[in-house]
1. Which condition does residue 97 not pass, out of (1) over 21 Å from residue 158 (Cβ atoms); (2) modelled with pLDDT under 95; (3) not in a strand (DSSP E or B), if it passes all the others?
2. Being free of Cβ contacts under 8 Å to residues at least 40 places away in the same chain, assigned to a loop (DSSP other than H, G, I, E, B) and out of contact with any helix residue (DSSP H, G or I) (no Cβ under 6 Å at 6 or more places or on another chain) is the filter; apply it to region 119-145 and report the residue that is surrounded by the most Cβ atoms within 10 Å (Cβ to Cβ).
3. Check 148, 115 and return the single one that is touching a helix residue (DSSP H, G or I) at 6+ places or on another chain (Cβ under 6 Å) and either crowded, with 24+ Cβ neighbours inside 10 Å or under 20 Å from residue 307 (Cα atoms) (or both).
4. Check region 164-173 and report whether any residue there is more than 23 Å from residue 123 (Cβ to Cβ), assigned to a strand (DSSP E or B), outside the structural domain of residue 317 (by TED's automatic domain parsing) and under 18 Å from the mean Cα position of the chain (by Cα).
5. State yes or no: is residue 177 surrounded by fewer than 22 Cβ atoms within 10 Å (Cβ to Cβ) and within 18 Å of residue 116 (Cα to Cα)?
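The values are calculated or read from the model by the stated rules, or taken from the named source; none is laboratory data. None of the values given here were measured: they were computed from a predicted structure. Using ideal geometry, Cβ is built from the backbone for each residue, glycine included, and neighbour counts are taken over all protein chains shown.
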């Protein structure tokens, strides 16, 4: 295909036609999510001109201070998706419980989960941020409950993210590889710019917050220390470190050129399995990475096999180039 001439809608229609790979309801849902991301992109791009910068002087359910754009992005995604008839309910990192589609609208068969604005600490300094989303099929039965969302990541039917950087880029999988779309601002449409993204199995680049090193468990310390020793160490090669403090931006770099991203458990809060949220961040990113030939674990098991027991469950994350993920996972013991 000539990727320069394919709109997101055409790409999804062709996915629908190809052996019925996705049903029409899922196609329409993904188009609505993409339109919502365009609206969020517009708000982000306005910055101070749109009076959207700074703190909202409130906390989310995670106990994190919210930015004005966190709230705006959350509202945009809810308003765009609640009336279309494709969803039964939504769940967001910014909301304590699920949002059931109101009775005045038809209910669909899908569940949408999202981190409306990942990396919001970067908003005020004009560094890339993004939206992460995941789609599940609602289990059969009347009504909808929080329990319906507690499905392992391997049951996702679509996942993706939109990164708001120098370009606004949408990255998507429906279980048939990973495709990348770039927003053409003149036409107002997402255009296919790359298909079948592949992450190199080997890399010389790692992404981790080094300031937390003293708090890590020994397997992670061992892995990073070996990378830092460079050519003279056991790895026999020099590594570069990159850290944006926005999972969307860090994973986007890995999907583009390879690397490994780590946000491990640490000793400061030993009761928590990790910092990142399983349902809103780790699962969709892990599926994207696996669809691109990479790997994703929590150090002990495949992330997509983890059975969640609560909506805002946290998890340790190690994902990216397969050989590096396998190595650091092996340091934790056999999967």
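1. Tallying (1) over 21 Å from residue 158 (Cβ atoms); (2) modelled with pLDDT under 95; (3) not in a strand (DSSP E or B), residue 97 fails exactly one: (2).
2. Applying the first criterion (free of Cβ contacts under 8 Å to residues at least 40 places away in the same chain) to region 119-145 yields 125, 136-137, 139-143.
From the residues that got through so far, the ones that are assigned to a loop (DSSP other than H, G, I, E, B) too are 139-143.
Now drop any that are not out of contact with any helix residue (DSSP H, G or I) (no Cβ under 6 Å at 6 or more places or on another chain), which leaves 140-143.
Values: 140: 7, 141: 8, 142: 4, 143: 10.
So, considering only residues that are free of Cβ contacts under 8 Å to residues at least 40 places away in the same chain, assigned to a loop (DSSP other than H, G, I, E, B) and out of contact with any helix residue (DSSP H, G or I) (no Cβ under 6 Å at 6 or more places or on another chain), the one surrounded by the most Cβ atoms within 10 Å (Cβ to Cβ) is 143.
3. Details: 148 fails: touching a helix residue (DSSP H, G or I) at 6+ places or on another chain (Cβ under 6 Å).
The conditions single out 115.
4. yes
5. no
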